[in-house]
Each structure stands twice: as C-alpha cells, then as structure tokens.
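Colleague: Before I ask anything, let me first share the structure, which is written out below as structure tokens.
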Amino acid sequence: MTVTTTPRRTVLAAAVAAAVGSTASLPSGAAAAEGSAAGGRRRPAASTIHNKSWTTAAQWRSGTADGVTVVTGARPGVAVGTPAGTADYADPHTGTTRSWEYATWLSPRQRAATPANELIASWNAETPAGTWLRVEMRGTYTDGTDTPWYTLGIWASGDEDIRRTSVDDQSDGRSSVWTDTFAVDDPAAGPLLASYRLRLTLYRAPGGGATPTVWRLGAMTSAVPDRFEVPTTEPGPAAGVEVTVPPYSQNVHIGRYPEYDNGGEAWCSPTSSQMIIESWGRAPTEEDLAWVDPRFDDPQVCHAARYTYDYQYAGCGNWPFNAAYAATYSGLQAVVTRIATLADAERLVAAGIPLITSQSFYEAELDGAGYGTAGHLMTVTGFTEDGDVIANDPASSDNTAVRRVYARRQFENIWLRTKRYDAAGQVRSGTGGVCYLYFPTELTEQQKSALAAVGID
C-alpha cells in the first residue's frame, strides 16, 4: 500500500524542505517595535523553534480589542461583547452570502526566536450554532517590510453555518500560505520572518446571543536547517514506557463518505486525532454519532473526518483544523508544533502525553511499515526498553494490526529531516518534526515540565 496526500501538502513540505539556517538579525526599526517575548516559551539556543500562545486573562488583555470582551474564570478567553460592526461573507463552498456581526482581537507583535521561514498557527475554541471565526497573520520581514494579512483558517466546529476552509492563492512574491502554513518562498535569498501579529475575528448571526469563545490562540515559528540526516539520540526517560491509546485503522474505512475524502489513506490525520482524544477519556456522544451509517464500525473515526475536513484542501489533513477539533472536547487543549529531537518526544511520553507525528518515507526506510508515503500521520505512544518507537499506525489492515514497533534510528530520521530521497533517487521533502500535541487543561507537574521543555505553556 502507498499512502499519499494531495499536491498542496506535498508543496507545503517542499517549502519546509527549502529552509536553511540564517544568522540574519532584526533591523533596528523592527526590533524597537517588538514587545517582550517573555510570555512565550523559547527552545534552547540551538533550536529555531518558538511557540507563543495567548491563554490567560492578562495575555488576552494585552491585545487590541474591537468589540471583543475577555472571558475570565477557569479557562479565560475572548468572546463577542458589543459587535464592532457587520460584514458579509460569501461562502465559496456553499455559494451563499450572509451578513454577520463581528468583533476582532489583535495580538501584540511577537518576535520569532530567530528569523523564521515558517509559521503555523493553532487555536482552541467553541463555536455554537450561528457562529464562526477567522484567524489571520501579518508578518514583518527582516528587512522591515510587512506581509499582507494572510488568512490561516476560516473555522467552525460544525458545518451548518459556514464550511471550514483554508484559502488558496495567498502570496506577495516573497512568502505564501500553503493550506495551513505560512512559508517564506526562498529562505536562502530572504528576507525571513522577524515578527508577526495574529488577528482573530469572531462572527455571529446578527441579533443572536451566541458567541464564539476562543481559549487559546498561538503560533509556532521555525527555521529548521536543510538536512537529509539528523543526529542520533540515545534512549532516554521513556524507555519501557507505553501510554494506553486505543488502536484505530484508517483502512477499515476505505470508500466511506466520499464527501469527506473517501476514507482509507486520506484519513490518517483524523484517525490519529481520534486515538489520542480517546486516550484522554473523551469521545463523541451517541447523539454526535447519529449521522453515521449504523453499518460502519468505529463511527467516531468517521465523525473526526467530517469535523476536520477542509473544504478548500478537499481533505482531512489540515494540521490546525485537527488540533481545533481535538480541543472541542471538554477539558482538552491542542497545538501544532515542531519537536527538535526524539528526546523531546520521550519527555512527553514519560509524562503520559502521546503525540501525533507527520513523516514521509519510502518503504525500505521504515522496517515493518509495509508501505511508503509522501506524507502520513501516526501516533507515538511509547518506547521499548531498547528505545525503539512504539506507534499506533493507522495505515494498518485492521485495528489489531495498528500497534507497531519501529526502529528508533529509522523513525527519528524520517520524522525530523527536511529532505529525503525517494525510492527512485529523486529529492523529496520531509516535515522537520511537525507534530500535534493534545493535552488536558488540568496537568500534573511532570506534564507541565514536559510541555515546557518543548516550548508549550
């Protein structure tokens, strides 16, 4: 079997693979405009990966609000207060135009840890019926000029009011948005991304009392060096540790729901997401699953595919949409980030936090997989005593075959590299350690420490 993705994801990975390290610095004007980065966790100096999230009431108040109110309590966020105005939205996937009340929140300017070639945003939100949201970013390059406002996602947890979607054909000739990821077109030539601001627009039906509520908004910036090989790590704190995660196969769904990309190889991301969601004790209700054909087993996987589906991408592999779906479950948070080393993944697993990894390889590069892929998601659930990777791989014939053990060195390299050769010897791309992290709002001290070690607060 060969697992594939749509051309847009392949192009995105190619943009990642073009990344090279840079020693460029901020121009004085941009540096003077930067706010303090103290609120963001920074990776060690050797890493270019930097995460920044807004989650506390004080952080939400640090932004610029127009019609938005800060929600306090156990899980602070932002919601529509007195709307800033009304706007029409022509949904390209339904052909309908409707008027909506809206309110906006603009983040403080955030500096990348080092000049970056890529940014991926994440958000956790509730969007009741009659509401939705848009996430945008505007970057400042290292030469002091700005990008346009780029849309990184138009999203709702449901699909009755609008169709969640990415936006194609966004570029200024120096950077582009590939489905869910901002990428500098030519990192070697520059300029790179020095800083950015995120803009959140909340929409609701005019006169309605419902409002979207956003609890987490953030982004990961990085400039992963161009590499075919990554350094080898030794087994660490998770040797012999395995987190209990239910096994689900994507391939038992082949041919199901063509309107959500037909199951099978196209459903690796929502299948992986559902496995990790359920490992935290969350699951859709019987009412949630009432729409699924009762003849289908594992209906929750069908549900995840429907509610992660990106109508522009025409698939379920939009990274932030998967994270946002996971965070619709009570008490769960989710981010898309990068991991610098397999040792970081071990810290997470040792703390009881499994992760979803994105990788590409040809069959001979991963013993025991039995397939090759231009892009595939699987879950890392543990490590053997010898440090090999225990994975729930949804690209399996059935649920009983999902649990796999992959050689540490092979897995580490196929996940963390940015460039690779395919079976024909042609140069292809890799994701450079992209992963999804889903975790509860109530964390142990060990879990907080493990997340902090990979830049998540």
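The values are calculated or read from the model by the stated rules, or taken from the named source; none is laboratory data. Because the structure is predicted, anything quoted here is derived from the model rather than measured. For neighbour counting, all protein chains shown are included, and Cβ atoms are generated from backbone atoms with ideal geometry for every residue, glycine included.
Colleague: It is to be established whether one or more residues within the stretch 47-64 are β-branched (Val, Ile, Thr), at pLDDT 95 or above and touching an Asp or Glu at 6+ places or on another chain (Cβ under 6 Å). Steps first, please.
Modeller: The initial filter retains those residues of the stretch 47-64 that are β-branched (Val, Ile, Thr), namely 48-49, 55-56, 64.
Next, from what is left, pick out any that are at pLDDT 95 or above: 49, 55-56, 64.
Then drop every residue that is not touching an Asp or Glu at 6+ places or on another chain (Cβ under 6 Å), which leaves none.
There is no residue in the stretch 47-64 that is β-branched (Val, Ile, Thr), at pLDDT 95 or above and touching an Asp or Glu at 6+ places or on another chain (Cβ under 6 Å).
Colleague: Right, something else. Given the stretch 378-445, what strands (runs of 3 or more DSSP E) lie entirely inside it while holding 3 or more residues that are not small (Gly, Ala, Ser)?
Modeller: Here the list reads 389-392, 403-406, 419-421, 434-440.
Colleague: Filter the stretch 182-224 for residues that are in a strand (DSSP E or B) and hydroxyl-bearing (Ser, Thr, Tyr) and give the result.
Modeller: 195, 196, 201, 203, 213, 221, 222
Colleague: Within the stretch 57-70, which residues are farther than 14 Å from residue 81 by Cβ and buried (at least 18 other Cβ atoms within 10 Å of the Cβ)?
Modeller: 59
Colleague: Go through the residues of the stretch 395-404 one by one and say whether even a single one is under 19 Å from residue 368 (Cβ atoms), polar (S, T, N, Q) and buried (at least 23 other Cβ atoms within 10 Å of the Cβ).
Modeller: Within the stretch 395-404, one or more residues are under 19 Å from residue 368 (Cβ atoms), polar (S, T, N, Q) and buried (at least 23 other Cβ atoms within 10 Å of the Cβ).
Yes/no per residue for (1) farther than 18 Å from residue 346 by Cα; (2) of a type outside the set (Lys, Arg); (3) assigned by TED's automatic domain parsing to the domain that holds residue 272:
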residue	(1), (2), (3)
414	no, yes, yes
419	yes, no, yes
425	yes, yes, yes
432	no, yes, yes
437	no, yes, yes
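Colleague: What are the pairs with Cβ atoms under 9 angstrom where one residue, in the stretch 175-190, is in the same structural domain as residue 434 (by TED's automatic domain parsing) and surrounded by fewer than 16 Cβ atoms within 10 Å (Cβ to Cβ) and the other, located anywhere, is at pLDDT 95 or above and assigned to a loop (DSSP other than H, G, I, E, B)? Sequence gap at least six, or different chains.
Modeller: Once the first residue is in the same structural domain as residue 434 (by TED's automatic domain parsing) and surrounded by fewer than 16 Cβ atoms within 10 Å (Cβ to Cβ) and sits in the stretch 175-190, no partner that is at pLDDT 95 or above and assigned to a loop (DSSP other than H, G, I, E, B) comes close enough.
Colleague: Being closer than 23 Å to residue 308 by Cβ, among the polar types (S, T, N, Q) and touching a helix residue (DSSP H, G or I) at 6+ places or on another chain (Cβ under 8 Å) is true for just one of 233, 271. Which residue is that?
Modeller: One residue alone meets the criteria, 271.
Colleague: Taking the stretch 58-99, which residues are in contact (Cβ under 8 Å) with a residue 60 or more places away in the chain and hydroxyl-bearing (Ser, Thr, Tyr)?
Modeller: 86, 89, 94, 99
Colleague: Looking at the stretch 98-110, is at least one residue surrounded by 19 or more Cβ atoms within 10 Å (Cβ to Cβ) and over 20 Å from residue 216 (Cα atoms)?
Modeller: Yes, there is a match, as at least one residue in the stretch 98-110 is surrounded by 19 or more Cβ atoms within 10 Å (Cβ to Cβ) and over 20 Å from residue 216 (Cα atoms).
Colleague: Let me ask you something else. Can you find a residue in the stretch 272-285 that is closer than 20 Å to residue 354 by Cα and touching a Cys at 6+ places or on another chain (Cβ under 7 Å)?
Modeller: No: the stretch 272-285 contains no residue that is closer than 20 Å to residue 354 by Cα and touching a Cys at 6+ places or on another chain (Cβ under 7 Å).
Colleague: Of all residues in the stretch 250-269, which are of a type in the set (D, E, K, R) and in a loop (DSSP other than H, G, I, E, B)?
Modeller: 256, 261
Colleague: Name the residue that is surrounded by the most Cβ atoms within 10 Å (Cβ to Cβ), counting only residues in the stretch 410-426 that are out of contact with any Lys or Arg (no Cβ under 9 Å at 6 or more places or on another chain) and at pLDDT below 95.
Modeller: Initially, the stretch 410-426 is screened for residues out of contact with any Lys or Arg (no Cβ under 9 Å at 6 or more places or on another chain), giving 410-412, 415, 423-426.
Among the residues that remain, those that are also at pLDDT below 95 are: 423-426.
On the way: 423: 12, 424: 7, 425: 6, 426: 8.
By that ranking, first place goes to 423.
Colleague: Sort out for me the strands (runs of 3 or more DSSP E) sitting completely within the stretch 72-172 that have 1 or more residues that are of a type in the set (D, E, K, R).
Modeller: By residue number, 85-90, 97-106, 110-116, 118-126, 131-141.
Yes/no matrix, rows are residues, columns are (1) more than 24 Å from residue 51 (Cβ to Cβ); (2) among the charged types (D, E, K, R); (3) surrounded by fewer than 24 Cβ atoms within 10 Å (Cβ to Cβ); (4) without any contact (Cβ under 8 Å) to a residue 40 or more places away in the chain:
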position: 291; (1), (2), (3), (4): yes, no, yes, yes
position: 297; (1), (2), (3), (4): yes, yes, yes, no
position: 304; (1), (2), (3), (4): yes, no, no, yes
position: 308; (1), (2), (3), (4): no, no, no, yes
position: 314; (1), (2), (3), (4): yes, no, yes, no
position: 328; (1), (2), (3), (4): no, no, yes, no
position: 331; (1), (2), (3), (4): no, no, yes, no
position: 336; (1), (2), (3), (4): no, no, no, no
position: 354; (1), (2), (3), (4): no, no, no, no
